[in-house]
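Reading through the structure tokens given below for one structure.
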Amino acid sequence: MNKNDQQLQVKVHSAMYTLIKEKGIASPAEVFITIGALSTEDYERWRFGKVDYLERVCKINLRKLSFVNHEIRAYARKHDLKPSWTFYKRWGTNRKSNPGNTVKLRFSKSGDENIENQYATHYVGQQKITEAKERRKARQLEAEPDVTNHNAVADTGAKCRACRGDMRTASGCQPFLYKAGGKNTPASRLATLTICTRVLARIFVVRIAAQNTVMLITSAVTAKGALSVASSF
């Protein structure tokens, strides 16, 4: 590696470090802009389809572009960054009015698929991945039913998938509070349940629905009987 390549390597690694630290994600195009190999204006012209391929407006030759891409991948492997392929579409097209008018942009002069994939691959830092997992977990928890202890669990014979014990007594089960009914359901209709998996929650919901149906039928029959008695006087 000659002196110029060494200097370019330092620039690329520094750009990757800065992008991951500030944004949690880095792409080859952003690295090119950061090291001065591509202007923002030319990048935007390419995104709007005014340039046929990105390499045409880069300020370094194809050998150096290949070297930069190689160093991006080397940095990503060294720092355990997760590769994420991204579809680059042309800006300025209305997907709603023209759903079939999405144009995939081209990066390289040759159009080689491997080279195109290298340009289109973004690299994501572990912190960004962790944050995404936490957001996904938070959304899942919001969608989970509300639930508390296991006193109201019917004898379903269900086993905890985590500890394989009885769902009513397994110490490893995680507590949730389940509310049977809608937002205006009175406190007397709250049911409690300890679950480790969503499976038992589904069983419980079905049982509650069945009980409610029986109660409605019983109420209807009782009311009908009362009306019959009243009409006999």
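The values are calculated or read from the model by the stated rules, or taken from the named source; none is laboratory data. On a predicted model such as this, the values are computed, not experimentally measured, just so you know. A quick note on method: Cβ atoms are made from the backbone with ideal geometry, for glycine too, and the neighbour counts reach across all protein chains shown.
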field: Selected residue (criterion: surrounded by the fewest Cβ atoms within 10 Å (Cβ to Cβ)) from residues of region 17-58 that are part of a helix (DSSP H, G or I) and β-branched (V, I, T)
entry: T40
field: Residue check, K64 at pLDDT below 95 and of a type in the set (K, R)
entry: no
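Rundown of residues vs (1) among the hydroxyl-bearing types (S, T, Y); (2) in contact (Cβ under 8 Å) with a residue 40 or more places away in the chain; (3) in the same structural domain as Q126 (by TED's automatic domain parsing), yes/no style:
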| residue | (1), (2), (3) |
| --- | --- |
| T34 | yes, no, yes |
| A37 | no, no, yes |
| H79 | no, yes, yes |
| T102 | yes, no, yes |
- prompt: Does at least one position in region 69-82 carry a residue that is polar (S, T, N, Q), out of contact with any Leu (no Cβ under 8 Å at 6 or more places or on another chain) and farther than 29 Å from K133 by Cα?
  reply: no
field: Top-ranked residue of region 60-85 - restricted to ones that are exposed (fewer than 13 other Cβ atoms within 10 Å of the Cβ) and in a loop (DSSP other than H, G, I, E, B), ranked as nearest to the chain's Cα centre (by Cα)
entry: D80
